[in-house]
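Some notes on the structure that comes next.
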């Protein structure tokens, strides 16, 4: 990182049926991706080592690096390539600031979290022991439904609160001034276009025209700004629409596939499994079962 390096604003899209984002990234390295966003972020790296950049703090990190980053604090990890080809997983939880801060303001149970949020504005590193505890929670959250993931997030916050000696990273004198980001307007326009036209056969060329850039530049832009490929971004939004239809209608799955913008049911099933870790029919059955139990309790 040089003095001329300018962080870019990342667009965070919540996970399906969630008000926050939880995901697991896997690759043979973690690329330098100097960025910021208005959400709080909990990051846990596995099976990698390299350099961690948070504000004006640059440090080497090793296996199981657990860090809590506050809103609009520039950060990135940059790892060495795996010589043996093994993946380097990263768990990331990104929570809207207004949502998390409102709980500290209105719920006495969250009083202790207030201090943790204040520390996160400089970035907080936790011990190896706490990182192992959080790894177990994140592993269970990876295939969990939204409610269980929310409970897991509360467990992670509690775990971090119990850290005896949290280490702040960026100096107290570091400041980052938010500036108007023209590129942020472009990503907003692209996502809105996908929401408005998700049933159509969307192409990168088409969206590149919307963003007024070349197709090659558009692919790099989307990957950098959302940490997803263009195809993954479109499919995530389509799967979200499908979840709503599966929950709120009795339509056949083949019909829901068409209404969600997928070209065939087989492709729909593959993409749904990719994002939800279950098939559309399993998702509908599981949700129907929960609703039946709630009705029974209400009687």
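Given Cα pairs under 8 Å that are at least 6 residues apart, what percent is the relative contact order of the stretch 156-269?
Value for the stretch 156-269: 20 percent.
Classify the stretch 124-167 as rounded, prolate or oblate, taking a ≥ b ≥ c as the square roots of the eigenvalues of its Cα gyration tensor: rounded when a/c is under 1.5, otherwise prolate if a/b is larger than b/c and oblate if not.
The shape class here is prolate.
Tell me, what is the Rg over Rh of the stretch 8-168, with Rh the Kirkwood radius over Cα pairs?
When Rh is taken as the Kirkwood radius, the ratio is 0.94.
With labels modelled as points extended 7 Å from the Cα through the Cβ direction, what inter-label distance (nm, one decimal) is found for residue 209 paired with residue 109?
Calculated label separation equals 5.2 nm.
Give me D for the chain in µm² s⁻¹, whole number, from Stokes-Einstein with Rh from the Kirkwood sum over alpha-carbon pairs, 20 °C and 1.002 mPa s.
103
Semi-axes, largest first, in whole Å: what does sqrt of 5 times each Cα gyration tensor eigenvalue give for the stretch 165-260?
34, 21, 11
Among 210, 67, which comes first, then next, by fewest other beta-carbon atoms within 10 Å?
Least to most surrounded, the residues fall as 210, 67.
As a test of the definition: which semi-axes, in Å, follow for the stretch 27-88 when you take the square root of five times each eigenvalue of its alpha carbon gyration tensor? Largest first, please.
So the equivalent ellipsoid measures 21, 11, 10 Å along its semi-axes.
What order do you get for 217-225, 17-25 when each peptide is scored by the mean count of other beta carbon atoms within 10 Å, highest first?
Put in order of decreasing packing, that is 217-225, 17-25.
Given the DSSP H assignment, sum -39500 (n - 2.57) over each helix run of at least 4 residues in the chain and divide by its residue total; what's the result at 222 nm in deg cm²/dmol, nearest 500?
Per the formula, -15000 deg cm²/dmol.
Whole Å is fine, so just give me how far the alpha carbon centre of the stretch 64-100 lies from that of the stretch 215-234.
Taking the Cα centre of the stretch 215-234 as reference, the centre of the stretch 64-100 is 19 Å away.
Bear in mind that the values in this text are calculations on the coordinates, not laboratory data. All figures in this text were calculated on a predicted structure; none of them were measured in a lab. Because the Cβ atoms are built from the backbone with ideal geometry, glycine has one as well, and the counts that use them run over all protein chains shown.
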